[in-house]
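See structure below.
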Amino acid sequence: MQKRMRSFLVVAMLMLMLIATVNAQVTTSSIAGKVTAQKEPIIGATVVAIHEASGTRYGAITNVDGRFTMQGMRAGGPYKVEVSYVGYSTAVFNKINLQLGETYQLDIQLKESSELLDVSNLIGKKSMGM
């Protein structure tokens, strides 16, 4: 009798664990990574992911380690990801597809921007009333 009761309890526990697992399905994806320049982390870089089919935008800012995470994103794609920071060229990644329940790893190395702001032109125009 006790052996039957134990067997019943073990089966009941297994059924409850199976039901809890089935109900806890993941329906989203995420993107995570690290932004660096010259092997140093970039703090405060802006990361924007756009789900091109729907136009939905997701955003993140890098932390002190240069890391970012965007969670709760639609699975599939394609996504366009843009990473920007003042003084560096914007990095653009196209045709990224996310798998259900998985984190897409995107590590980025930014390059210094070759564009320089000519302050003397701005001062000259301002003094001329432009």
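The values are calculated or read from the model by the stated rules, or taken from the named source; none is laboratory data. Computed from a predicted model, the values in this text were never measured in an experiment. Counting neighbours? That spans all protein chains shown, and the Cβs are built from the backbone with ideal geometry, glycine included. Each accessible area value is taken on the protein alone, full model and side chains, heavy atoms only, with ligands, DNA and RNA left out. Shrake-Rupley method; radii C 1.70, N 1.55, O 1.52, S 1.80 Å.
Residue pairs whose Cβ atoms lie under 8 Å apart, sitting 6 or more positions apart in sequence or on different chains, and linking a residue in segment 79-104 that is of a type in the set (D, E, K, R) to a partner that is not in a strand (DSSP E or B), are 80/52; 82/90.
Residues of segment 42-57 that are assigned to a strand (DSSP E or B), open to solvent by 20 Å² or more (accessible area, probe 1.4 Å) and closer than 13 Å to residue 83 by Cβ: 46, 48, 50.
Among the residues of segment 65-88, the ones that are part of a loop (DSSP other than H, G, I, E, B) and closer than 17 Å to residue 106 by Cα come to 5 in all.
Do we find a residue being at pLDDT below 95, among the hydroxyl-bearing types (Ser, Thr, Tyr), open to solvent by less than 100 Å² (accessible area, probe 1.4 Å) and not in a loop (DSSP other than H, G, I, E, B) anywhere in segment 100-119? Within segment 100-119, none of the residues are at pLDDT below 95, among the hydroxyl-bearing types (Ser, Thr, Tyr), open to solvent by less than 100 Å² (accessible area, probe 1.4 Å) and not in a loop (DSSP other than H, G, I, E, B). Of all the residues in segment 58-82, those that are β-branched (Val, Ile, Thr) and either open to solvent by less than 30 Å² (accessible area, probe 1.4 Å) or under 9 Å from the mean Cα position of the chain (by Cα) (or both) number 3.
Consider segment 24-41 and keep the residues that are assigned to a loop (DSSP other than H, G, I, E, B) and farther than 14 Å from residue 107 by Cα. The one that is least open to solvent (accessible area, probe 1.4 Å) is 28.
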